[in-house]
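Here's the structure, in structure tokens; my notes come after.
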Amino acid sequence: AISAMPNVTLLTDLSIAEIPFGPQSFKTVVPEYQDELNVENFYLFDIYINGEKSSGISVRDDVSSDGVVNQQPLFEFVETDDTVHVVMHCIDKGAYKYLYSVGANTGSIASPANPDSNFGNSCLGYFSARVSSDQTIVIP
């Protein structure tokens with residue numbers, strides 16, 4: 001397996017977004033970081049709400065956000081007084097492709113396909129060098 005150490009992008013802050021949904025709205029967290037311009041970047045987010053790790057896989061690339069400050073929320077709904085801890089991992093393309101394809105197969109009715117692996121076609125899983133940073137927020 002091969003993995004390249006990604007460039008460092010730091011998670012600098014967390015903010016709250018309210019997402020309208022019909023007559024209600026839901027709170028979610030927005031990770032704030034400055035994407036590096038003209039460098040292909042990939043991110044994995046681990047989300048902990050009141051100490052419990054979210055079961056979902058949240059990965060992103062910078063195809064539509066190259067070089068800008070992130071404004072995309074994480075779609076984990078939170079409530080007032082929740083403590084949310086977010087760990088942002090900078091990962092390489094091989095890890096991103098694997099995690100993205102695992103996430104795409106989660107909850108599907110159809111039989112899942114084997115995700116792309118940087119171990120080769122005969123193994124499931126991935127190897128990843130990563131750089132991580134984290135932030136915590138209490139939801140107002």
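Just a few scattered comments:
- Looking only at the range 1-38, and only at residues there that are modelled with pLDDT of 95 or more and β-branched (Val, Ile, Thr), the one that is farthest from residue 138 (Cα to Cα): 9
- Subset of the range 65-81 [closer than 15 Å to residue 136 by Cα and polar (S, T, N, Q)]: 80
- Neighbours by Cβ (under 7 Å, 6+ apart or cross-chain): first from the range 53-81, on the phi > 0 side of the Ramachandran plot; second open to solvent by less than 60 Å² (accessible area, probe 1.4 Å): 67/35; 81/139
- When the range 48-68 is filtered for residues that are more than 22 Å from residue 5 (Cα to Cα) and of a type outside the set (S, T, N, Q), the ones remaining, listed by number, are 48, 49, 51, 52, 53, 56.
- For the range 44-56, the set of residues classified as in contact with a strand residue (DSSP E or B) (Cβ under 8 Å, 6 or more places away or on another chain) and either closer than 14 Å to residue 101 by Cα or of a type in the set (Asp, Glu) (or both) consists of 44, 46, 56, listed by residue number.
- Subset tally (residues that are without any contact (Cβ under 8 Å) to a residue 60 or more places away in the chain and of a type outside the set (Ser, Thr, Tyr)) for the range 1-31: 10
- Positions within the range 50-65 being of a type in the set (Ser, Thr, Tyr) and either assigned to a loop (DSSP other than H, G, I, E, B) or surrounded by fewer than 11 Cβ atoms within 10 Å (Cβ to Cβ) (or both), in sequence order: 54, 55, 64, 65
- In the range 93-106, the residues that are within 16 Å of residue 43 (Cβ to Cβ) and either under 13 Å from the mean Cα position of the chain (by Cα) or open to solvent by 30 Å² or more (accessible area, probe 1.4 Å) (or both): 93, 95, 96, 97, 98, 99, 100, 102, 103
- Within the range 33-44, the residues that satisfy the criterion of being assigned to a strand (DSSP E or B) and surrounded by 15 or more Cβ atoms within 10 Å (Cβ to Cβ) are 42, 43, 44.
The values are calculated or read from the model by the stated rules, or taken from the named source; none is laboratory data. Remember, it's a predicted structure, so these values are computed and weren't measured experimentally. In this analysis, Cβ positions are derived from the backbone assuming ideal geometry, glycine residues included, and neighbour counts consider all displayed protein chains. All accessible areas refer to the heavy atoms of the entire protein, side chains included, with ligands and DNA or RNA removed. Shrake-Rupley method; radii C 1.70, N 1.55, O 1.52, S 1.80 Å.
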